[in-house]
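All remarks here apply to the structure that follows.
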Amino acid sequence: MPGGKLIGASPFTQNGSNDKLKLIERVAIVTGGARGIGRAIAKAFAHEGADIAVCDINLGGARSTCGEIVKKGRRALAIKADVSNTNDVDQMVKKVSDEFGRIDILVNNAGGSARERNRLFCQSSEEVWDYVLGINLKGVMNCCRAVIEHMMEQRSGKIVNIASTTGMVGTPGIGMADYAAAKAGIIGFSQVLAKEVAAYGINVNCVSPGPVETRAMLHMSSERKELFVKQSGLGRIGKPQDVAYLVAFLVSDEASFITGQNYAVCGLTNLGIG
């Protein structure tokens, strides 16, 4: 069962004015917000004036992210939730709606792989597939299903689903077939959902990061990291902020005519550069 605590309350201004804030008075849910890309997205939203529910299986990490949001003068709500669990997600959305009164933005960032098990697909188990598909594809579907009617009633909303270039072009190495299937599924799901809800003023887009400096990189050998750097036309691995800046644009009014798209943030790795 999710639990949460509202932190902070005062309006945030820049130079005494809210005029330049792109997300002022918006309420956002960011899943997987305890660290990495999710934390960077939450902070970018707060910088633009949004109030944010940070949802993660790691409640301590979610609370830490909330602390960063409050430093920017915004309200924050930390909620423990497993996105693969439908009941958890329903309770999460209810908590956000009760506390903030509305939901304008959903970013489905929670996800993960089982790459540390390092097995060929033919050696993998159904238990692992269920875990990877559950936390990635089912998690996205659960969260979208939980908020979509709320957004339809508002006749407005922004959804960004975090996929991966692995779902676009695969990835070198072993142990990632189930992850690739889940992320490719997110891209296809997002495109169809965008068509279903466009008439209600809801935008649905995907962002597909390539190699990014996150905790997952800790499991990689130095040789594999060097390979990613060589594959990048920019000569470096991405940073969480590289993804966050694009997501912040996609949920702003400036991107109101963009929907059903998938954007790779990968330094050309999806084109086979290197």
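Failed condition for K72, given (1) more than 26 Å from W129 (Cα to Cα); (2) at pLDDT 95 or above, with all others met? Going through the list (1) more than 26 Å from W129 (Cα to Cα); (2) at pLDDT 95 or above, K72 breaks only (2).
Scanning region 173-183 for residues that are modelled with pLDDT under 95 and either in a loop (DSSP other than H, G, I, E, B) or charged (D, E, K, R) (or both) returns G173, I174, G175, M176, D178.
Considering only residues that are at pLDDT below 95 and in a helix (DSSP H, G or I), look in region 184-219 and name the one that is surrounded by the fewest Cβ atoms within 10 Å (Cβ to Cβ). Among residues in region 184-219 that are at pLDDT below 95 and in a helix (DSSP H, G or I), the one surrounded by the fewest Cβ atoms within 10 Å (Cβ to Cβ) is L218. Pairing residues of region 85-96 that are surrounded by fewer than 21 Cβ atoms within 10 Å (Cβ to Cβ) with residues that are part of a helix (DSSP H, G or I) and of a type outside the set (S, T, Y), at Cβ distances under 7 Å and at least 6 apart in sequence or on separate chains, gives T86/N142; D90/A146. When region 45-79 is examined, which residues are found to be surrounded by fewer than 24 Cβ atoms within 10 Å (Cβ to Cβ), hydrophobic (A, V, I, L, M, F, W, C) and in a helix (DSSP H, G or I)? Passing the criteria: L59, V70. When the criteria are applied in full, V229 fails the requirement of being in contact with a Pro (Cβ under 9 Å, 6 or more places away or on another chain), part of a helix (DSSP H, G or I) and either of a type in the set (K, R) or modelled with pLDDT of 85 or more (or both). Quick check on my filter: what residues within region 62-84 are farther than 21 Å from E25 by Cα and touching a residue at least 60 places away in the same chain (Cβ under 8 Å)? Matches in region 62-84: K80, A81, V83.
One residue stands out in region 104-127 among those that are within 22 Å of N58 (Cα to Cα) and modelled with pLDDT under 90: the one that is surrounded by the fewest Cβ atoms within 10 Å (Cβ to Cβ), namely E116.
Inspection of region 144-167 finds no residue satisfying the criterion of being in a helix (DSSP H, G or I), touching a residue at least 40 places away in the same chain (Cβ under 8 Å) and more than 26 Å from F45 (Cβ to Cβ).
Annotation note: Cβ proximity below 7 Å between a residue of region 227-250 that is within 15 Å of A46 (Cβ to Cβ) and touching a residue at least 24 places away in the same chain (Cβ under 8 Å) and a residue that is crowded, with 16+ Cβ neighbours inside 10 Å and polar (S, T, N, Q) (sequence gap 6+ or interchain) occurs for P240/T214.
The values are calculated or read from the model by the stated rules, or taken from the named source; none is laboratory data. Keep in mind that this is a model prediction, so the values were computed, not measured. FYI the Cβ positions are ideal-geometry reconstructions off the backbone, even for glycines, and counts take in every protein chain you see.
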